[in-house]
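Below: one structure, written as structure tokens.
The values are calculated or read from the model by the stated rules, or taken from the named source; none is laboratory data. None of these values were measured; they are calculated from a predicted model. Heads up, the Cβs are rebuilt from the backbone with ideal geometry, glycines too, and the neighbour counts pull from every protein chain shown. Note: accessible area is taken over every heavy atom of the protein model, side chains too, but ligands, DNA and RNA are not part of it. Shrake-Rupley method; radii C 1.70, N 1.55, O 1.52, S 1.80 Å.
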Amino acid sequence: MITTITLKNKATYNSTGVTIDDLTKLNYFFGNNGCGKSTLANYMQSISENTSSSIYPDCSVDGYNPAQEEIIVFNQHFIENNFMNSDTLKGVFSLNQTNVTIDTQIKANEKSISGKNDEQKQLEDENDKIDIKRENNRNDLAANCFSKRDTFKTFSKIKLEYSGNKKSNLSHIESLLKQGNSQIKTLDELTKLYTKLYEDKLEEIGLSLDIKLVDELITIQDELNVLLEEIIVGKDDVKLAELIKKYNLKPWVLQGKQYLEKTGRVCPFCQQSISDDFISQLNDMFDESSKQKVNKIEVEKSNYKNKFSELLENLNTVVEKYNENNVVSNLQIQLKSILDENINVIEEKTKAPNERKTIKLIENSVKEIMEKINIAIKQNDDIVNSIDEQKKSFLSNIWIYLANECKSDIEKYNEDDKKDLEKLSQNKLKIEQIKEEVEQLIQQNSELRMQTVNTKEAVDNINQILKNSGFMGFEILEKDKVNNISQYYLARIGAMPEENIFNSLSEGEKNFISFLYFYQLCLGTTDILANSSKKKIIVIDDPVSSMDSQVLFIVSTLVQRLIAWKVNNRNDFDNPSIAQVFIFTHNLYFYKEISLKCRPICKLKNHYRIFKNEENISIIESKGKEYEAIDDYSLMWNTLKEIKSQIQEDNKSQNILIANLFRRILESYANFIGMGHDSWATVLTDDKTSIEYYLKCAFISMINDESHKITPFDSFYFQKNHNETPGKLFDVFESIFNTINKDHYEKMMKE
């Protein structure tokens, strides 16, 4: 049930808005035309049509549960939608709702079947397109992967498998990718390997470089470097030592001493003999200890040179059989250069032992080069010794290379194909589901056609209402049967069969017939199956517009039926399918007829007044449970006077209205003066055989009966009032007031 409604930024409701937060089961809204009633009613209709968020974005409602409730609205839109654009009435009139449910459900099922068949065809067409797309993508991928083989077209001495089958070529590549290959040779590596295996004349080398020689040589050079860095000197206390040291002549003097030992004691410049004392001083400067150190350097030089020669000889032996990319010969040249340079340094040290010297060291990089050479030699010998296996491995490496080249394309294809397969799978599941649903709908329609019932009762009821309301020229006739259910249309007596006469009706007649249909809808005669268990929230917007007083009374009575209380619970509706009712009107008489507290209507009710302020902004005021817009007692007397002054004596068409006005006036007056509990006292002294007596009894019965039982078409009362002349009715009414209060009657009628 709706508990709160907020209207904002729509029509005459401004940005401040209006909130109605005390809504109950029965809600009356009274106000003049243009004050904002229809805006509220239209908003509620938009809620039922799920369009409120777009049409009324700033308005809101609380408490409404669309899963358990449905809103049905009577307004101009309802009239146009149900009649103006249709040759036949929508729905089937049956008080038990069965036929309309069946008819609507069968049509909905047939529409659903047609839609599902279209959906199935679309899914099947989509799957066919996906299958074609997948096949084309597969062919494109196979062609692309096959074209990668052109990379090795210059490898004329090999033959790859699947040369005539692109799809088999692709399948083989995909299997290789699934296996995974961590080592992938580059194209340059494969080209060199192809040249080695198929172009070069391979021979076994059977040699290797002796890396131990490098280790031994490094040991010798380390020891030699220690000697070379030491300063070797003799005694410093001889007479010549100070002079030699002052001018740094020791290397030169040492060379001269060595020369004298070869030429005797003759000076190479002056040719004079050198004295013994001078020779003695030279010998003291270069004593035995110095000589031993120099000799040690000479010995180490010899070891160094010999070991170096062994290494060079080892290189020379290998270079004769293996020198790929000149790696061995280049190493030879590099080492020979180092040897020559270091020998010169050592010799300089022996000549000038008091000077520090350092030789160029052989680094570990030489060992690394030699190890690579040995690996290459071993690989060469391994290839020579297993040439067939090597060629087989070579072909395998080519396939691995091709697989890696195709990897990204295959991954992209697999990603796209996975999506296509998922879509195919989804579509197939949907197709199977649709087939099952269609089969169920066909079976359901077959069962529904066997469950239809006769709708004559509902049609007779509406025709009876038309007849009793003075619509003697109209009736509802059967047109044909659809799904074993009778279909009806409005017909004018004497008109052509199936002629659409709705457009020839007056506005009041259209509104009345439309409301009769809406009334049947409220009773549940045209509910669709999906909503058959939902309770109704009924919205009635000014249903008596352009109606004459007689029809207005009938509509008022029908509305009272809808809002009648439950006998054992006056706070609820007698109709269990109705959850809540909203009634909007500007007609005071109608408002009074459906809201007086003496009516047997649901007691959970609220009244609201809708009006516009000076700024043309709509205001809604809550007036509580028992509210009357104005005191209309005088209005009823005025209406009665107007009818009496205008009606002709033989015109009985408004007798129902006249009788109802009499009842309302008598009821109001009797309750007001406290005689409502003994109103029969007014006829105690009357002649029991007169017609006036029976008419008085009828009016008094209506006072006590109509307030608690809505039976406006009861044939008993209808005959009592309808068959008498209006003048007789007015005479009886006056006679009753002559007994009750003659002065009051004369005052109100101004007689």
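For Asn248, the conditions (1) open to solvent by 80 Å² or more (accessible area, probe 1.4 Å); (2) modelled with pLDDT under 75; (3) not in a loop (DSSP other than H, G, I, E, B) all hold with the exception of (3). Do we find that Gln646 is closer than 26 Å to Glu507 by Cα, modelled with pLDDT under 80, surrounded by fewer than 16 Cβ atoms within 10 Å (Cβ to Cβ) and not acidic (Asp, Glu) in this structure? So Gln646 passes the test. Applying the criterion of being polar (S, T, N, Q) and open to solvent by 40 Å² or more (accessible area, probe 1.4 Å) to the residues of segment 701-751, the residue that is modelled with the lowest pLDDT is Ser715.
Can you tell me which residues in segment 347-360 are open to solvent by less than 80 Å² (accessible area, probe 1.4 Å) and over 15 Å from Glu300 (Cα atoms)? Residues satisfying the conditions are Ala352, Asn354, Glu355.
Here the condition is being under 30 Å from Glu174 (Cβ atoms), under 51 Å from the mean Cα position of the chain (by Cα), acidic (Asp, Glu) and modelled with pLDDT under 95; of Asp388, Asp417, it holds for Asp417 alone. Look at (1) within 23 Å of Ile20 (Cα to Cα); (2) open to solvent by 40 Å² or more (accessible area, probe 1.4 Å); (3) free of Cβ contacts under 8 Å to residues at least 40 places away in the same chain and you find that Arg570 fails only one, number (1). One residue alone among Ile173, Ile184 is touching a Leu at 6+ places or on another chain (Cβ under 8 Å) and β-branched (Val, Ile, Thr), and that residue is Ile173. For segment 286-296, state whether one or more residues are at pLDDT 85 or above and of a type outside the set (S, T, N, Q). Scanning segment 286-296 turns up at least one residue that is at pLDDT 85 or above and of a type outside the set (S, T, N, Q). Scanning segment 4-59 for residues that are touching a helix residue (DSSP H, G or I) at 6+ places or on another chain (Cβ under 8 Å) and assigned to a loop (DSSP other than H, G, I, E, B) yields Ala11, Thr12, Gly31, Tyr56, Cys59.
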